[in-house]
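Novice: Dropping a structure here in structure tokens format, bear with me for questions.
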Amino acid sequence: MATTSITVRETPLVCYLLRRADDALILGHRLSQWCGHAPTMEEEMALANMGLDLLGQARSLYTYAAEVEGQGRTEDDFAYLRGERSYGNLLLVEQPNGDFAQTMARQLFYSAFIDPYWRALMASPDATLSAIAAKAEKESAYHVRHCAEWLIRLGDGTAESHARAQAAVDGLWAFTGELFEVDEGEEGLIADGMVPDPGSLRAVWTATVTGVLAQATLIVPQNGWMQKGGREGRHSEHLGPLLTELQYLQRTFPGASW
Amino acid sequence: MATTSITVRETPLVCYLLRRADDALILGHRLSQWCGHAPTMEEEMALANMGLDLLGQARSLYTYAAEVEGQGRTEDDFAYLRGERSYGNLLLVEQPNGDFAQTMARQLFYSAFIDPYWRALMASPDATLSAIAAKAEKESAYHVRHCAEWLIRLGDGTAESHARAQAAVDGLWAFTGELFEVDEGEEGLIADGMVPDPGSLRAVWTATVTGVLAQATLIVPQNGWMQKGGREGRHSEHLGPLLTELQYLQRTFPGASW
Amino acid sequence: AAQLARFEARVADEERIEPNDFMPAAYRRTLTRQISQHAHSEIIGMQPEGNWITRAPSLRRKAALLAKVQDECGHGLYLYAAAETLGTSREELVEQLLSGKAKYSSIFNYPTLTWADMGAIGWLVDGAAIMNQIPLCRCSYGPYARAMIRVCKEESFHQRQGYEIMLTLARGTAEQKEMAQDALNRWWWPSLMMFGPPDAASSHSDSSMRWKIKRFSNDELRQKFVDATVPQAHFIGLTLPDPDLTFDEAAGHWRYGTIDWEEFKQVIAGNGPCNRDRMATRRKAHEDGAWVREAARAFAEKRAAAKTAEAA
Amino acid sequence: AAQLARFEARVADEERIEPNDFMPAAYRRTLTRQISQHAHSEIIGMQPEGNWITRAPSLRRKAALLAKVQDECGHGLYLYAAAETLGTSREELVEQLLSGKAKYSSIFNYPTLTWADMGAIGWLVDGAAIMNQIPLCRCSYGPYARAMIRVCKEESFHQRQGYEIMLTLARGTAEQKEMAQDALNRWWWPSLMMFGPPDAASSHSDSSMRWKIKRFSNDELRQKFVDATVPQAHFIGLTLPDPDLTFDEAAGHWRYGTIDWEEFKQVIAGNGPCNRDRMATRRKAHEDGAWVREAARAFAEKRAAAKTAEAA
């Protein structure tokens, strides 16, 4: 046996589902890393809640991907048996937790995009997609609110929290452009009316984010250069160690049930 | 295939060799984690040097274990394909790097034991063991000197470095008792004159360590309670994540050559 | 004195004492200590299981484990709230934990070494906790009793989940079964210690019994736990790590061997395998979060001031 | 003016300039910048490979990688020492790196994503570095030339080691071969960029050439590298990610396609995939080590004072 990895039978829809699932899994995993380390008990609960929402979304999307792929795979095969170069998540979601401000900024940037995205996806003619989106949208709406409140508190709190919040926003800004990127396969799905065009949500995203930053007395970064590569599996050096931990048991006991 | 792990054919000598090898590998791995993060460039070189010495010792010991076991195994099988409960290293060596003072204290505690131990092992009638010991002893003598010098500098440096050094010594003290523990299998080897009795080195160890601590103006901890369990594979929660990282590629690509 | 007599009478009548009712200082003290220790245990208890969230072997297990640890935090929250009704603030109670003045359940000073420990903790540790806590649902102090009802419900879900993990492993590959047996071996005795010292050596019990804080002795609860758990182990084909374990047909009880109370004493004294790490982790989280809590406070004050200014 | 003329004559005669010799300010400045940039590159260059030390797939590879990264630190040390002979202290040079004032080779702003990247870096990045550095072994400035001789010897060992990693992967399982090809695809173009902008667009070159700091143009060195490397790739069965690559029989050169200089510009400008992370890691190591360096200083002063007191 030369590998414990799977080779996915890629179609535009499978690729699409895996990418969105990867986003949710990786971000959910990051949030779960906070467990036991949050700044307050209430926030401990909130971070776990958001993490659980994201894990749940990932599971639905992987499960649907397995169905569409039709190779008898399960959600776990996709999560545990693909290497770093096969993961198609956004660079944004794999960025380390950093301090609490960084986690909140990362979450706001993602949620402010994905919330209207799920809303738009609810109109998909694909009933499964539409149902997944409807459930996810309720969750992401809360994430936006929660993170916005915190970012405002931190930005307009103490000098230290302001500085940390600004540093978080500045540091993560370059990863927000990728939210709106699509490749050929996804373009096809968009053209077919299966899924919304992320580009069409840019104005909403910008309005949400700049609104929150203004209330938080934070400056919107001006550097326009945007990083990309996550969708093609060109990740930062932060994803590999995350997957190493995530996948260890499945790699060590191939085929076992847990 | 239900596992990528191996089952070792255990004999007293194989167990003995694996434990000593595990000590060296885990401590060497810890030191390698400093790479790129050391406080000075000179220390970057020194930490890597010590790490390389330890990796080299681990490789010799695993290779000899493979020979003694006679199952056609290699050094890598032992390092990469045994789980946490099969690792028999001391709890001391798996403790996290912490700050530089903790790394130096951990290294001194280990080296002040293993250096006279290797010296004693050079008298073993087993020629391979004796040769491994002779090479290792030259290396460990340098480790003792290097760490002693640093601990003295830190202890007798600034108020901050003194406090950190004392905290390091206090925190690691409870892991030093295990250096002198032996089980039945090793008792047999000692009785046969194959290997030295660690207990006989306690006085030398204490003299080295208390001497260094005195020069460092540090207090010898008085709490006599000692932790154990490493030799039986009852580790702290620090070993698992280390092995996860160490073994990931071998677990993911079983049987591949690198 | 009349108040005290009325209090004792109410307790004897199984009435619930509420926060604004009269209660003896010793009752208040005992309860505050017990409830806050319980809260601390929930919070520290997040660590051993938290250790495996990022390494859980399936998405379903990962989500369940995260949810479970989150529940523990929730229990901590109810319990601190219950303790606060007795007049000590959460901040103060947390401070007692961080300074080492307050204790937490010593079971959480053992490390979680394999995935099977997630099963063993749910099954044994939560199982033992439930045994201890079910009688507390009828505790004379109302807020504690009500918190316990909620906690017990969730704990019993966790307990079933843990047992199911063990069952899955025990029916899995040879290595998985070995993992399950190993976890049982390591967690069995510490679980028995969770009920506290043997009755002969136990303090506090007399007044706690009279005040209906405690309703069964340590040994009684421990025996109930053993009787419930041994058949569960046998059912999934695991062996209890106690050569002296025998079924006493006449009494209908499983008789267990001698517990190593020296180990218990050492763990309580701070010499367990993880005491240092648990406290260090908790303190670090608290310190790392200080700037966030401060920011929230500063922000709230700013907004309050702005509102006052607006109103003026 | 006479001094300057003598300096130019010595350089033209291939004599080595030594630290105490007269040299023009611009020569000193150019060399300090170049040597320190080179030193910074060695130090930052530890990070991409350092990323895989704890995950190396065999003990032999782990040891070799750790030793390699250690060598890079050693190169950094020689080079800082060589730069110091020109009158700027190591502290000052390091400060320029940490403040972002000084540059380092932009190749190190790409991430290492798989184990094969350890092969690709050794083979391509060290290979390109050697091409750049071999002529520097004859650099007019003595300390730099001597440092380069030592560095080149070690780099060429690393280069062979890297190539051997690629060879092993290319002859391994299908997945390993794919990993090797993928690494080549990602590192090929950035390696070509290591030689700097095309000659038409390059600055500094004129005086550097005259002063025998530089002996070949960027494009000349790049061509040498391509000519040496393409057959090596073919030998192990890998494909260069350049559809325009063709062998020019007449000239005896491999002609490569158009380099994306916009990407190069962006990486230099701080927009590479890892610029932020590299600098953050370096700064953190420096800050985390501050108390250690301070302790060493304080200790040395104490001991010196004690010695003086004793002597008095």
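Novice: Test A:Thr103 against the criterion of being among the hydroxyl-bearing types (Ser, Thr, Tyr) and open to solvent by 30 Å² or more (accessible area, probe 1.4 Å), and give yes or no.
Specialist: No: the conditions fail for A:Thr103.
Novice: Could we say that D:Leu240 is touching a Lys or Arg at 6+ places or on another chain (Cβ under 8 Å) and more than 9 Å from every other protein chain (Cβ to nearest Cβ) here?
Specialist: Here the answer is no, as D:Leu240 does not meet what is asked.
Novice: Also, quick follow-up: Among the candidates D:Leu238, D:Leu192, D:Leu221, which residue alone is hydrophobic (A, V, I, L, M, F, W, C), outside any helix (DSSP H, G or I) and over 30 Å from B:Arg164 (Cα atoms)?
Specialist: D:Leu238
Novice: For residues in the stretch B:39-53 being buried (at least 22 other Cβ atoms within 10 Å of the Cβ) and at the interface with chain D (Cβ under 7 Å from one of its Cβ atoms), which is farthest from D:Thr54 (Cα to Cα)?
Specialist: Selected residue: B:Pro39.
Novice: Would you mind stating whether C:Ala63 is modelled with pLDDT of 95 or more, surrounded by fewer than 20 Cβ atoms within 10 Å (Cβ to Cβ) and among the aliphatic types (A, V, I, L, M)?
Specialist: When the stated conditions are applied, C:Ala63 does not pass them.
Novice: For the stretch A:73-100, give me each residue that is in a loop (DSSP other than H, G, I, E, B) and open to solvent by less than 40 Å² (accessible area, probe 1.4 Å).
Specialist: A:Leu81, A:Arg82, A:Gly83, A:Tyr87, A:Gly88, A:Asn89, A:Leu90, A:Gln95, A:Asn97, A:Asp99
Novice: Now for a different question. Using the structure shown, decide if C:Ala305 is under 23 Å from the mean Cα position of the chain (by Cα) and small (Gly, Ala, Ser).
Specialist: no
Novice: Next up: Among the residues of the stretch B:148-170, what is the count of those that are among the β-branched types (Val, Ile, Thr) and either assigned to a helix (DSSP H, G or I) or touching a residue at least 24 places away in the same chain (Cβ under 8 Å) (or both)?
Specialist: The qualifying residues number 2.
Novice: Any idea which of D:Ala180, D:Ala201 is surrounded by 21 or more Cβ atoms within 10 Å (Cβ to Cβ) and either within 14 Å of another protein chain (Cβ to nearest Cβ) or more than 19 Å from the chain's Cα centre (by Cα) (or both)?
Specialist: After ruling out the rest, the residue left standing is D:Ala180.
Novice: Criterion first (modelled with pLDDT of 95 or more and over 17 Å from the mean Cα position of the chain (by Cα)) does B:Gln71 satisfy it?
Specialist: Against the criterion (modelled with pLDDT of 95 or more and over 17 Å from the mean Cα position of the chain (by Cα)), B:Gln71 qualifies.
Novice: Looking only at the stretch B:219-248, how many residues end up being more than 26 Å from C:Gln266 (Cα to Cα) and either open to solvent by 10 Å² or more (accessible area, probe 1.4 Å) or among the charged types (D, E, K, R) (or both)?
Specialist: Here the count works out to 3.
Novice: Of all the residues that make up the stretch D:1-44, how many are of a type in the set (Asp, Glu) and part of a helix (DSSP H, G or I)?
Specialist: Residues flagged as of a type in the set (Asp, Glu) and part of a helix (DSSP H, G or I) within the stretch D:1-44 amount to 2.
Novice: Of everything in the stretch C:104-139, what is within 27 Å of C:Met23 (Cβ to Cβ), crowded, with 24+ Cβ neighbours inside 10 Å and of a type in the set (Gly, Ala, Ser)? Give them in sequence order.
Specialist: Residue satisfying the conditions is C:Ala129 alone.
Novice: Further, regarding this structure: Regarding the stretch C:219-234, can at least one residue be identified that is within 24 Å of C:Cys73 (Cα to Cα), out of contact with any strand residue (DSSP E or B) (no Cβ under 6 Å at 6 or more places or on another chain) and not hydrophobic (A, V, I, L, M, F, W, C)?
Specialist: no
Novice: Exactly one condition in (1) away from chain A (no Cβ under 14 Å); (2) without any contact (Cβ under 8 Å) to a residue 24 or more places away in the chain; (3) open to solvent by less than 60 Å² (accessible area, probe 1.4 Å); (4) more than 27 Å from C:Ile134 (Cα to Cα) is false for C:Asp248; which is it?
Specialist: (4)
Novice: Moving on to the next point. Among the residues of the stretch D:45-60, which ones are more than 7 Å from chain B (Cβ to nearest Cβ), within 17 Å of B:Leu54 (Cα to Cα) and open to solvent by 10 Å² or more (accessible area, probe 1.4 Å)?
Specialist: Correct list: D:Arg60 only.
Novice: Hey, another quick one. May I ask you to verify whether B:Ala112 is at pLDDT 95 or above and open to solvent by 40 Å² or more (accessible area, probe 1.4 Å)?
Specialist: Answer is no for this residue.
Novice: Can you tell which of C:Ser207, C:Ser203 is at pLDDT below 95, closer than 30 Å to C:Asp13 by Cα and in a helix (DSSP H, G or I)?
Specialist: C:Ser207
Okay, residues lined up against (1) among the small types (Gly, Ala, Ser); (2) more than 7 Å from every other protein chain (Cβ to nearest Cβ); (3) under 21 Å from the mean Cα position of the chain (by Cα):
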{"site": "B:Leu154", "(1), (2), (3)": "no, no, no"}
{"site": "B:Gly171", "(1), (2), (3)": "yes, no, yes"}
{"site": "B:Ala174", "(1), (2), (3)": "yes, yes, yes"}
{"site": "B:Val182", "(1), (2), (3)": "no, yes, yes"}
{"site": "B:Gly188", "(1), (2), (3)": "yes, yes, no"}
{"site": "B:Asp197", "(1), (2), (3)": "no, yes, yes"}
{"site": "B:Arg202", "(1), (2), (3)": "no, yes, yes"}
{"site": "B:Leu246", "(1), (2), (3)": "no, no, yes"}
{"site": "B:Leu249", "(1), (2), (3)": "no, no, no"}
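Novice: Of the conditions (1) within 20 Å of C:Lys62 (Cα to Cα); (2) assigned to a helix (DSSP H, G or I), A:Val68 fails just one. Which one is it?
Specialist: Among (1) within 20 Å of C:Lys62 (Cα to Cα); (2) assigned to a helix (DSSP H, G or I), A:Val68 violates only (1).
Novice: While we're looking at this one, here's another question. So, in the stretch A:1-38, exactly how many residues are among the aromatic types (Phe, Trp, Tyr) and surrounded by fewer than 24 Cβ atoms within 10 Å (Cβ to Cβ)?
Specialist: 1
Novice: Can you find a residue in the stretch C:125-143 that is within 30 Å of B:Gly229 (Cβ to Cβ) and β-branched (Val, Ile, Thr)?
Specialist: Yes, because at least one residue in the stretch C:125-143 is within 30 Å of B:Gly229 (Cβ to Cβ) and β-branched (Val, Ile, Thr).
Novice: Okay, moving on. Using the structure shown, decide if A:Ala203 is outside any loop (DSSP other than H, G, I, E, B), out of contact with any helix residue (DSSP H, G or I) (no Cβ under 9 Å at 6 or more places or on another chain) and either among the aliphatic types (A, V, I, L, M) or surrounded by fewer than 22 Cβ atoms within 10 Å (Cβ to Cβ) (or both).
Specialist: When the stated conditions are applied, A:Ala203 passes them.
Novice: List pairs: first in the stretch C:268-282 and within 9 Å of another protein chain (Cβ to nearest Cβ), second open to solvent by 50 Å² or more (accessible area, probe 1.4 Å), Cβ under 7 Å, 6+ apart or cross-chain?
Specialist: Qualifying pairs under 7 Å: C:Asn271/B:Trp225.
Novice: What residue, of B:Ala159, B:Ala165, is within 14 Å of chain D (Cβ to nearest Cβ) and open to solvent by less than 30 Å² (accessible area, probe 1.4 Å)?
Specialist: B:Ala165
Novice: Given the options B:Glu149, B:Glu184, name the one that is of a type in the set (D, E, K, R), modelled with pLDDT under 95 and open to solvent by 30 Å² or more (accessible area, probe 1.4 Å).
Specialist: B:Glu184
Novice: Restricting attention to the stretch D:165-177, does a residue exist that is open to solvent by 40 Å² or more (accessible area, probe 1.4 Å), of a type in the set (Ser, Thr, Tyr) and assigned to a helix (DSSP H, G or I)?
Specialist: no
Novice: With away from chain C (no Cβ under 14 Å) and open to solvent by 10 Å² or more (accessible area, probe 1.4 Å) as the only criterion, which of A:Gly56, A:Gly70 stands out?
Specialist: Unique residue meeting the criteria: A:Gly70.
Novice: Give the residues of the stretch D:1-44 that are open to solvent by less than 70 Å² (accessible area, probe 1.4 Å) and basic (Lys, Arg), sorted by residue number.
Specialist: D:Arg10
Novice: Of the numbered conditions (1) within 25 Å of B:Asp197 (Cβ to Cβ); (2) away from chain D (no Cβ under 14 Å), B:Cys147 fails exactly one; give the number of that condition.
Specialist: Here B:Cys147 meets the rest and fails (2).
The values are calculated or read from the model by the stated rules, or taken from the named source; none is laboratory data. Only a predicted model underlies this, so the values are computations on that prediction, with no experimental measurement involved. Because the Cβ atoms are built from the backbone with ideal geometry, glycine has one as well, and the counts that use them run over all protein chains shown. Note: accessible area is taken over every heavy atom of the protein model, side chains too, but ligands, DNA and RNA are not part of it. Shrake-Rupley method; radii C 1.70, N 1.55, O 1.52, S 1.80 Å.
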